[in-house]
1. Could you name every one of the helices (runs of 4 or more DSSP H) located completely within segment A:130-216 that has at least 3 residues being at the interface with chain B (Cβ under 10 Å from one of its Cβ atoms) and among the small types (Gly, Ala, Ser)?
2. One residue is enough: does segment A:78-87 have a residue meeting the conditions of a type in the set (A, V, I, L, M), surrounded by 16 or more Cβ atoms within 10 Å (Cβ to Cβ) and at pLDDT 95 or above?
3. Taking only pairs six or more apart or across chains, which ones have beta-carbon atoms under 6 Å, a first residue in segment B:1-21 that is over 16 Å from residue B:161 (Cβ atoms), and a second residue that is of a type in the set (S, T, N, Q)?
4. Please verify whether residue B:254 is in contact with a Gly (Cβ under 8 Å, 6 or more places away or on another chain) and of a type outside the set (Gly, Ala, Ser), treating the condition exactly as stated.
5. Whether any residue in segment B:17-25 is in a helix (DSSP H, G or I), more than 14 Å from chain A (Cβ to nearest Cβ) and over 24 Å from residue B:264 (Cα atoms) is what I want to check.
6. From the list B:278, B:320, which one is without any contact (Cβ under 8 Å) to a residue 12 or more places away in the chain and among the acidic types (Asp, Glu)?
7. Could you check, for segment B:30-51, whether at least one of its residues is touching an Asp or Glu at 6+ places or on another chain (Cβ under 9 Å) and more than 9 Å from every other protein chain (Cβ to nearest Cβ)?
Amino acid sequence: MENNVSHALYILQEPVQYMALSFMALMYIIKIRQMLKKPIPPEKAELKGDRVAGALESLTNVLKPWSMESTRKNPFFYAEFMIFHIAVALTIGATFFIPLAPSLMTPAVSKVFMLFMGLAFLIGLRRIYRRLTVPEIKIISSPDDYFAISLMTVFFAVGFVAMWMWIDGNPDTGWMWIFFLLTTFFLLYVPFSKISHYILYPFGRVNFGRTFGGRGVINKDVKNPTWNPK
Amino acid sequence: MSEHGEKLGAKEERKWPTKTEFTPEMLEEMEKLLPGTLNRVVTASLSGCIHCGMCSDACHYSVSIPEDKTLVPAYKADRFRKWYKSRYDWIAQVFPSFVGAKKLDKELANEMYDKLWGGCTMCRRCTFNCPMGVDYGMMVRGVRSIMQKVGRVPQHLQDTVDTHYNWGNNMAVPQDEFVETIEWIEEELQDEEGCENFKIPVDKKGAQYFLTLNPREPKYYPLTIQATAKVLNAAGVDFTISSRYWDLTNYALFNGNDPDARQFALWQAEDVKRLECEYLLAGECGHGYRALRWELPNWVGGVPFKITSVMELMAKLVLEGRIKTDKSVWDGHRATYHDSCNIARSGGVTEEPRIVIRAAIEDFVEMEHNRENSFCCGGGGGALAMPEFTPRRIAAGKIKADEIKATGADICLQSCHNCTDQLKEIIEHYHVNAKVMNLAELLAPALVL
């Protein structure tokens, strides 16, 4: 595919995106630095398990729905979660591939992207409905929660339509403008929003894995069972 | 002063100044204390929640009391999180209500008091079901420590800590009375058939194991000490009980006061060194086990001895063939086992109790949720020392009572005194036909001597 666009759209797709991306990176560096400056609780007890293995196990539990009761008992919710997050990755990927490597976006590849965007749009709608109607979810929801999921849902819808028109040979459309304007907004807004939870995810999971891996609660195949302390 | 009339505990008596309501001065002080509480685990837990609601089915409060949605873990933690965001969230500095931030005021502080003392046992079951790895236990202990420091702490819980501080054990058992009790239990043990030569050594220097007890045992459950001593004697274990710092409980784990927690741990660590024991042996006590095994080395900066528990030691004795059992003594009975949160989920001891149980009784049935997935019985986190929240505590125990009932067991085993008291209460309240026992009480009658 080719990406023959106006100079104005080129400005939006490349220099503006790079500036916004740099801003996002800077905000994330500050956020990560702030977290790394916090002291880690000490662990001087004789370990029963392996803290590093525990951290790795914990970090990858996102790929193991059987590892938590909450995902084990809600396979549909987990499937939604996976599709939604794959769609996020693909949609972000599209904003790079379209201007920088349009040849990679063959019609077949583009249709896979669109499939995930379409499904994620439907999942987004369902998640908004869930947040509005399930009492225990509604009671914990803030405007940021509604705004974040709504924004993502709109982003998927716009991306879906923009790509549809793009593979039809119309790269410079109003939809593509909206898609990249939304991308710019995301890059500037996400570091301040709950959407940036993926930056915090490794911290939470590593903390969990180190604590409970060291205690032999996760990673059951412990080398030093407590009934036979060395 | 007699041989066993030593004044234990702190040199100067203390009564922590508690308050019945939050004042503006207390709120101001809490603001100053907040940054010191924010280690990396607490900070990641405060900023990492995405409000997905996956924790709502994980909590015994929200599952047992479904009509009260304010007992969902994320909601309870948000009482603290709102305050944190008002200080540290970037958007909250401009649009606080957009991200649910709220400045600390009396209303929010009261909500924190209600939900984080009286609506959470820090059992960490929600933590194990959180996709983001939010550690509710650490987070709740953090905010409890702030409230405790300004005096807003459940009175009875603080009294328990103060008693430990003033007496060296949390039930104010004088040293001479404790030693007399142990001597009496030893006599009772020796009256049992085949136990004539069994001993409960006090202050034996160089013993391999330094056995610690929950003060409820010498006060109300001496048969538990007798059963434990019987098992240890039958296996030829070289153990002793200290006349000084024998109390393994540490309620400062619950009220969040680290200097007190450290002090109690230090007394015990010094006592183990005094008696030159190889192991500090935790008796059957949930939070006590965690406080000794996993927290004490951190509080005192490392220890030169090893730390284990009676649950683990009994399993080792079974596996090594050092004790012989006759399961027929429990014929006609069915047992189930309740995993104490601090022993299983926060402690990593899940298989050892089952090794002991299977050696003592034939008919053993697991509850639907067991090991690290076990629901809290509702008695953890110091809940039994907060009588103002008793109705909610009993209500929150419904899921556990239902699971015990579903096993058809007439013996509910556990290894924790807080669990014992809570299980007894909910078993009576929810009309479950089961007797609550600990592991030593199951194993001791089955011993072949």
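The values are calculated or read from the model by the stated rules, or taken from the named source; none is laboratory data. Nothing here was measured: the structure is a model prediction, and the numbers come from that model. As a convention, Cβ positions derive from the backbone with ideal geometry for all residues, glycine included, and neighbour counts pool all protein chains shown.
1. By residue number, A:197-214.
2. yes
3. Filtered contacts from segment B:1-21: B:4/B:175; B:4/B:243; B:6/B:175.
4. So residue B:254 passes the test.
5. Yes, segment B:17-25 contains a residue that is in a helix (DSSP H, G or I), more than 14 Å from chain A (Cβ to nearest Cβ) and over 24 Å from residue B:264 (Cα atoms).
6. B:320
7. Among the residues of segment B:30-51, not one is touching an Asp or Glu at 6+ places or on another chain (Cβ under 9 Å) and more than 9 Å from every other protein chain (Cβ to nearest Cβ), which makes the answer no.
Yes/no per residue for (1) without any contact (Cβ under 8 Å) to a residue 60 or more places away in the chain; (2) farther than 30 Å from residue B:217 by Cβ; (3) in a helix (DSSP H, G or I); (4) of a type in the set (Lys, Arg):
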{"residue": "B:108", "(1), (2), (3), (4)": "yes, yes, yes, no"}
{"residue": "B:143", "(1), (2), (3), (4)": "no, yes, yes, no"}
{"residue": "B:148", "(1), (2), (3), (4)": "no, no, yes, no"}
{"residue": "B:176", "(1), (2), (3), (4)": "no, no, yes, no"}
